[in-house]
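Engineer: Got a structure here, written out as structure tokens. Questions coming.
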Amino acid sequence: MVQMVAVAYTAEGTVTAIDRQPAAAFEASDQEADVRIGGSSARVGDDGVYRVAGASLDGRLGWDLEYVADSVPWFGGDRMPVGRLAWEKMSWLVQMPRARVTGTVTIDGRAHAIRATGYHDHNWGEWIPADATWNWAQFSGPRLSLEVGDFIGKPIGVVALDLDGARTVFAPDQYSLVHTRWGWDRVNRLFFPTESLLTADNGALRLEVTLRALATEPLRGDLPAPLRDLIIYEQTARYDGVVREWVPAGDGGPASGGVVGDASGDGAEGTGEWRVRAWVRGRGFKEWTGKKY
């Protein structure tokens with residue numbers, strides 16, 4: 001089974017396409033990121049520009065876009081063990097943590113010119129869908145970009161922060177993602193998070209961000225029996241938070257917003273301070289996945 005999913009968030013509401021197509025409609029390169037599903041495709045040019053074009057089967061959505069990388073790629077996971085069985089593995093490449101996107105998106109016959117910041121990644125591997133549920137989040141601003149790849153109930157996730165061109169990757173034991181508010185999906189009969197708190201700390205950098213969902217669209221896979229359906233809750237989100245860096249005592253003196261303490265967390269005071277390095281404020285995206293019983 002092959003599916004292509006597209007979601008457009010507009011002032012008038014959300015437009016979604018979940019198109020099932022025959023296996024013969026799919027083709028992909030094993031050397032680069034070229035993919036085709038029916039009349040829609042993503043192609044990588046010799047210049048490194050990604051050209052993404054296509055349309056939903058009902059004609060409501062269409063797109064013709066170019067993605068130009070505005071940051072350095074990073075490899076989020078190489079054949080991570082995401083399922084109960086040994087062969088269930090997933091790889092994740094964040095090809096464009098931040099991209100410049102231009103082109104057009106057509107919604108219900110109306111063409112919208114696009115000149116915006118974007119994001120592009122790839123997942124591949126082999127796994128049973130309901131065995132690999134995840135939290136994903138992405139944000140980018142003028143100085144920083146942030147990506148979260150967290151697998152629910154498994155110690156294999158990562159959080160990456162690119163600040164002023166330097167990337168920090170937080171290991172599973174260095175970050176925490178806690179859902180603090182929930183909504184109810186009456187159609188699929190599942191709770192989904194509407195507010196989440198992300199914290200990360202490696203002793204040198206500390207990240208504290210609250211993610212608040214603005215709009216939520218549940219995407220259902222409609223998998224054949226006996227597989228359990230996976231519901232992907234696609235969300236636009238508001239990001240509010242701060243990045244602090246640890247500054248040892250005597251290195252630059254006190255700074256506004258600093259917190260005196262010890263980076264190792266043993267409670268000793270006077271050894272340095274956590275100094276505000278950057279604010280995280282703006283809109284981004286997030287996902288949460290649930291199993292349909």
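Read the figures in this text as sums done on the coordinates, not as results from a lab. The shown structure was predicted, so the numbers you read here are calculated from the model rather than taken from an experiment. When we count neighbours, we look across all protein chains shown, and the Cβ atoms used for this are built from the backbone with ideal geometry, even at glycine.
Engineer: What lysines sit close enough to Lys89 to cross-link, taking a C-alpha to C-alpha distance under 17 Å and skipping anything fewer than 8 places away on the same chain?
Structural biologist: Lys154
Engineer: Mind sorting Phe170, Phe139 by how few other Cβ atoms lie within 10 Å of their own Cβ, fewest first?
Structural biologist: Phe170, Phe139
Engineer: List, in order, the whole-Hz ³J(HN,Hα) value for each residue of the stretch 168-178 obtained from phi through the Karplus relation with A = 6.51, B = -1.76, C = 1.60 and θ = phi - 60°; use x for Gly and Pro.
Structural biologist: 10, 10, 8, 6, x, 7, 10, 9, 9, 10, 10
Engineer: Scan around Asp185 for amide H atoms under 5 Å from its own, H built in the peptide plane at 1.01 Å from N, and keep only partners 5 or more places away or cross-chain.
Structural biologist: Residues meeting the criterion, in which the H sits 1.01 Å from N, are Leu190, Phe191, Phe192.
Engineer: Can you tell me which aspartates and glutamates have their Cα less than 13 Å from the Cα of Lys286? Leave out same-chain residues fewer than eight positions away.
Structural biologist: Cross-link targets: Glu147, Asp150, Glu195, Glu217, Glu234.
Engineer: Using amide H atoms built 1.01 Å from N in the peptide plane, name the residues 5+ places from Ser71, or on other chains, whose amide H lies under 5 Å from its own.
Structural biologist: Under 5 Å from the amide H of Ser71 lie the amide H atoms of Arg98, each far enough along the sequence or on another chain.
Engineer: For the chain, modelled as a GNM with alpha-carbon contacts under 10 angstrom, which of Trp184, Trp279, Trp127 fluctuates the most?
Structural biologist: Looking only at Trp184, Trp279, Trp127, the biggest GNM fluctuation is shown by Trp184.
Engineer: How much net charge surrounds Thr194 when only the other residues with a Cβ under 12 Å from the Cβ of Thr194 are counted, with Lys and Arg +1 and Asp and Glu -1?
Structural biologist: Computed value for this residue: +2.
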